[in-house]
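Participant: Here it is, the structure, as structure tokens.
Read-outs throughout are calculated quantities, based only on the coordinates presented, and are distinct from any laboratory measurement. Small disclaimer: the values here were computed from a predicted structure and weren't measured. Backbone-built Cβ (ideal geometry, glycine too); neighbour counts: all protein chains shown.
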Amino acid sequence: MGDPGALVLPLQSSEFGALSLLPPLLAIFLAMITRRAIISLFLGIWSGAVIYTGGHGVVTTLTWTAESIGASLFNAKILMIVMFLGAGVAMIWRLGGALAIANAATSRLDSQRKVGLATWIFGMLWFFGDYSNTAIVGTTMRDMADEMRMSREKLSYIIDSTAAPVATFGISSWVVYQLSMIDQGYESAGITGEAPGSFTVFLQSIPFNMYCIFAVVMVGIIVLTQRDFGEMLDAEHRSWKEGKVLREDATPMQSAEESLGDVVTDAPSLRFFLIPVGSLITVVFVGAAFTGVTGAGEGASFIEIVDNAAFVDALLWGSFTMVAMGIISGTIAGLMDLEEAMDTVIDGFGMMLTAASILIMAWTIGSVTTVLGTGTYVTNVAQSFISPTLLPVVILLAAALIAFSTGTSWGTMAIVTPIAIPLAWNIGGTTPELLPVAVGTVFSGAIFGDHCSPISDTTILSSTFTGADHIDHVRTQIYYAMTVISVALVMLLVWGATRITPLVLLPIGVGTLYAVVYALSEWDARRKGVEPKASTTDKRVVPSDD
């Protein structure tokens, strides 16, 4: 995601050329190899500072890092939300709310498939924003997933792939932002009254946003069939057979047990989950509605209200209320005094320091790519390959590479949309036929790259609120993301060659996706000498060395 207020249109040329790719690619390479996200990001930022200044990188690196917080009110709010959510999770944990919800659901969600299905459905229903989705769904489902021996890698994948992809279609800040990007693209192309409005183009673009559609469907296929492949297959066999939801020597982004201590009651009650989380949800809804109505004015349409809603502000208010209600309910019940409650809040803040540090570094390297013109360079290179048939594929791949390199889907949309829409308008002979194609594929590529990038804030938060090792989450998810994008690319190539309606291609793509998952799971399982479904093997708990 990113700060919409800080985004600017790309320059016409990139002064640093191919060298601008070095910082993000170095950070990504080091993160994948070393599994140490913070130092990898720092070295990526430092290399960008060296390139930009010609050798004096340390001071510039520190300045850029400070500016990523101080110069962006949006980023500062996100950091506050992350810290408050951490404190809220801490209160729920200590008061026994998390244990109570797990106990209540265990009798109903009595299998790994049911837990996965519940997580998938919950993720699709919470379509209001990716940050709140990962926080609420991750916090709610983690203990139940652990009980059913689902690996943290699998849980974080389900949540990550039902956060941003779902938010692109729902009533959320994502849709509002996408509409603003379409308007910006229209302005760049000089399109006035001869094309459909931005909302109409957005609706028409949904069938072409194939990565997001297939990503959500892919989760359902994986959950219902319980088939896995790639490193996820290894993770699931480890978790199911050995009871280790995390890899040996993994570094989870958060651990309530280690960070917060024991639950303070022997009789966990659901109210210590429902009151804080219910307060969070209520305030987010009411806050978004209030700011939307206030900003749009009387007599505004629903779309205008959504357009003016301050979703991030509402989530900030909601996360603070979550903490406040946790403190109030815990002290009134006599489970802890005010001093112990505040100590728990501070512990919750501390639990989120790793996530906050990675977010700051990720934002900073996003600023580095902007300064060096990484997105402009990639987009300009991609333009030379564009034809009407290849237009959707080229736009998708360009957006994917930029998002992967920068870790921001919103920033990618800001860079690519004002170029993709004029291209589609001109290639289509100044007719609106290709406009929805360009818009849908920009969104698809941006979110795919964001899913695969270890420096993406939404990917980081998915790891955080499921308690997964961040790099393990990236490494296991990338197999599935690559599978989804491959099927989407094939369907888009077919559309480019035949112009068959995407409403016909989408069900074909779903069937293809199922067949590919089945084939890959069978092949990888035979290669590794294991079952393609980890849950069909016996549970053989291996005693821990601890």
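Participant: Could you tell me the distance between the Cα centroids of segment 448-527 and segment 214-228, to the nearest Å?
Facilitator: 10 Å
Participant: Next question. So what is the relative contact order for segment 16-532, in percent, with contacts set as C-alpha pairs under 8 Å and at least six apart?
Facilitator: Reported relative contact order: 26 percent.
Participant: Which whole-angstrom value gives the distance between the alpha carbon centres of segment 257-336 and segment 384-415?
Facilitator: 36 Å
Participant: Now, a different point. Using Cα atoms only, what is the angle between the long axis of helix 210-225 and the major principal axis of the chain, expressed in degrees (0 to 90) to the nearest 10?
Facilitator: 30 degrees
Participant: To continue, here is another question. Tally Lys/Arg at +1 and Asp/Glu at -1 over every other residue whose Cβ is under 14 Å from the Cβ of LEU233; what's the total?
Facilitator: Combined, the nearby Lys, Arg, Asp and Glu give +1.
Participant: Obtain the nm distance between the two label points defined at VAL59 and ILE508 by a simple spin-label model: each point lies 7 Å from its Cα along the Cα-to-C-beta direction.
Facilitator: Taking the simple label geometry, VAL59 and ILE508 are separated by 6.0 nm.
Participant: Eight or more residues apart or on different chains, and alpha-carbon atoms under 14 Å: count the Lys pairs in the chain matching that.
Facilitator: For the chain, the number of qualifying lysine pairs is 6.
Participant: Which entry in (1) 27.2; (2) 24.9; (3) 23.8 matches Kirkwood radius over Cα pairs in Å derived from the coordinates of this structure?
Facilitator: (3)
Participant: Turning to a different aspect of this structure: For the chain, build the charge dipole from Cβ charges (+1 Lys, Arg; -1 Asp, Glu) around the Cα centre, then report which of ALA300, THR331, GLN226 sits farthest towards its positive end.
Facilitator: Value computed over the given set: GLN226.
Participant: List, in order, the whole-Hz ³J(HN,Hα) value for each residue of segment 204-209 obtained from phi through the Karplus relation with A = 6.51, B = -1.76, C = 1.60 and θ = phi - 60°; use x for Gly and Pro.
Facilitator: 5, 7, 4, x, 8, 7
Participant: Now for a separate question. Which net charge results when you count Lys and Arg as +1 and Asp and Glu as -1 among the other residues whose beta-carbon is under 13 Å from that of ALA163?
Facilitator: Computed value for this residue: -4.
Participant: Separate question: All other residues with a Cβ under 14 Å from the Cβ of GLY330 taken together, and with Lys, Arg as +1 and Asp, Glu as -1, what is their net charge?
Facilitator: -3
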